[in-house]
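The values are calculated or read from the model by the stated rules, or taken from the named source; none is laboratory data. What you are looking at is a predicted structure, and each value in this text was computed from that prediction instead of being measured. Backbone-built Cβ (ideal geometry, glycine too); neighbour counts: all protein chains shown. Quick note on the areas: whole protein, heavy atoms, side chains included, nothing else; ligands and nucleic acids left out. Shrake-Rupley method; radii C 1.70, N 1.55, O 1.52, S 1.80 Å.
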Amino acid sequence: MFRLSGYMEQLVRPTPVRRRGAGPVRPVVIWNLTRRCNLRCRHCYTVSADVDFPGELSHEQALATLDDLGTFGIPALILSGGEPLDRKDFFQIAEAARPRVRMLALSTNGTKVDGENADRVAGIGFDYVGISIDGIGATNDWFRGVDGAFDAALRGVRACKARDIKVGLRFTLTEGNHRHLPDLLKLCDDEGVDKFYLSHLVYAGRGDKNRGEDAAHRRTRAAMDLLIDRAWIAAAENAPLDIVTGNNDADAVYFLKWAERHFDEARVAHLRSHLEAWGGNSSGLGVANIDTLGRVHPDTYWSDYTIGNVKTARFSDLWTGGDPMLSQLRTRPRPLKGRCGACAFRDVCGGNTRIRALQLTGDPWAEDPACYLSDAEIGVRAGPRLTLTPFRGKSRDPEHKFL
């Protein structure tokens, strides 16, 4: 995750660089509690549906895993799905998690965060609730496969705000919904939303099937220009909206290039030091995933690579046990190839999202086709690039509009 607002602050109010200490990194754990979900999102990486799936962790197995995560000292736990509220013992698991982790978050489609459910979410003391919305009105409903999903999610946002729960909107950028970004930022202002998270499409689950609808590079650049302008205004005016992006660590390089055009060398060098300390993509290092069957992955999109299973081993042992892929993901610099290997900013973005390269080439160290910076911008010799076939034809947006 690239914390755009936080790094913008470094240009306005600089602070000392903090680097990772020695020893194993305790990751943020994203835990998919269930694949059951009342929506049918086109980009769902878990391919969830409104049915019961066999093999999910039992209540006792979930509690045992929580004990281990608490003892291991993970910094944050994100309870996700499917739709996590569709798991029958969700609130019991959340209540057990609260005293065991410093930061507890809920990742939800928002349609069930209302009434008694919202009261219980507030009572447990979630630090943050992230609600996914992929456009305004009918566009969101089309992406999420259910009429009325937008209105129900918005009720969830308002229910959280009414109970003083920190709430954010999550938006996956595609060719079919990119034009809704300004309206979603306005929605954040109108509703008092605390955080806005722009996610780039990752080719996993139904997101892989529909990867031809990934946003063209010029759309991505336009989206980042808008977010950077908004983050600058927020930092300069001390406005509340926190802006972050995910699943394309080239965002950090794009932001650094923006800073080079607007700030002096000393301020840019300070920013780059912070970005290098962050290090970009954190799959297998600062982030981990436990899926619905208990399998542990380097992140939520690496579903085809399993480190082990919490049904038969402790997460803490799996994470510190010398798995070969984890060892490679943690290597700096990573053994990157193509444009990523030659990039002058690989110490900033860490090679970006490896799973996209793996899905397209079978090689996790090939270049990431979603890097939207030019060869000149990243200091590499011009040459052929790994690319997707651009999306062509009628927009999937119900209103059939493109910028």
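Going by the conditions given, is A288 within 18 Å of L77 (Cα to Cα), under 17 Å from the mean Cα position of the chain (by Cα) and among the hydrophobic types (A, V, I, L, M, F, W, C)? Give the steps one after another, and end with the answer.
Numbers: within 18 Å of L77 (Cα to Cα): yes; under 17 Å from the mean Cα position of the chain (by Cα): yes; among the hydrophobic types (A, V, I, L, M, F, W, C): yes.
Judged against the criteria, A288 is a match.
Condition check ((1) closer than 19 Å to A277 by Cα; (2) under 22 Å from the mean Cα position of the chain (by Cα); (3) hydroxyl-bearing (S, T, Y)) across all residues:
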| site | (1), (2), (3) |
| --- | --- |
| F315 | no, yes, no |
| R330 | yes, yes, no |
| R346 | yes, yes, no |
| I355 | no, yes, no |
| P369 | no, yes, no |
| Y372 | no, yes, yes |
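Would you pick out the residues in the stretch 70-82 that are under 25 Å from L39 (Cα atoms), modelled with pLDDT of 95 or more and either among the polar types (S, T, N, Q) or open to solvent by less than 20 Å² (accessible area, probe 1.4 Å) (or both)? Reasoning before the result, please.
Step one: list which residues in the stretch 70-82 are under 25 Å from L39 (Cα atoms), which gives 77-82.
With modelled with pLDDT of 95 or more added as a condition, the list becomes 77-80.
L77, L79, S80 - these are the residues of the stretch 70-82 that are under 25 Å from L39 (Cα atoms), modelled with pLDDT of 95 or more and either among the polar types (S, T, N, Q) or open to solvent by less than 20 Å² (accessible area, probe 1.4 Å) (or both).
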Open item on the list: Can you tell me which of (1) under 30 Å from N352 (Cα atoms); (2) not in a helix (DSSP H, G or I) is the one T139 doesn't meet?
Closed with: (2)
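If a residue must be assigned to a helix (DSSP H, G or I) and open to solvent by 20 Å² or more (accessible area, probe 1.4 Å), how many such residues does the stretch 248-264 contain? Full working, then the answer.
Kept after step one, since they are assigned to a helix (DSSP H, G or I), are these residues of the stretch 248-264: 250-262.
Now drop any that are not open to solvent by 20 Å² or more (accessible area, probe 1.4 Å), which leaves 257-258, 260-262.
Final tally of qualifying residues: 5.
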TODO: For the stretch 103-129, name all the residues that are surrounded by fewer than 20 Cβ atoms within 10 Å (Cβ to Cβ) and assigned to a helix (DSSP H, G or I).
DONE: G115, E116, N117, D119, R120, A122, G123, I124
Task: Single unsatisfied condition, E60 versus (1) touching a residue at least 24 places away in the same chain (Cβ under 8 Å); (2) surrounded by fewer than 21 Cβ atoms within 10 Å (Cβ to Cβ); (3) not aliphatic (A, V, I, L, M) - done: (1)
Open item on the list: If I ask for residues that are open to solvent by 10 Å² or more (accessible area, probe 1.4 Å) and over 19 Å from E191 (Cα atoms), which ones from the stretch 139-175 would you list?
Closed with: D141, W142, R144, G145, V146, D147, T172, E175
- [ ] Would you mind stating whether E191 is at pLDDT 90 or above and open to solvent by less than 50 Å² (accessible area, probe 1.4 Å)?
- [x] yes
Open item on the list: Return the residues of the stretch 317-334 that are touching a residue at least 12 places away in the same chain (Cβ under 8 Å) and either small (G, A, S) or open to solvent by less than 60 Å² (accessible area, probe 1.4 Å) (or both); say none if nothing qualifies.
Closed with: L318, W319, G321, D323, M325, L326, L329, R334
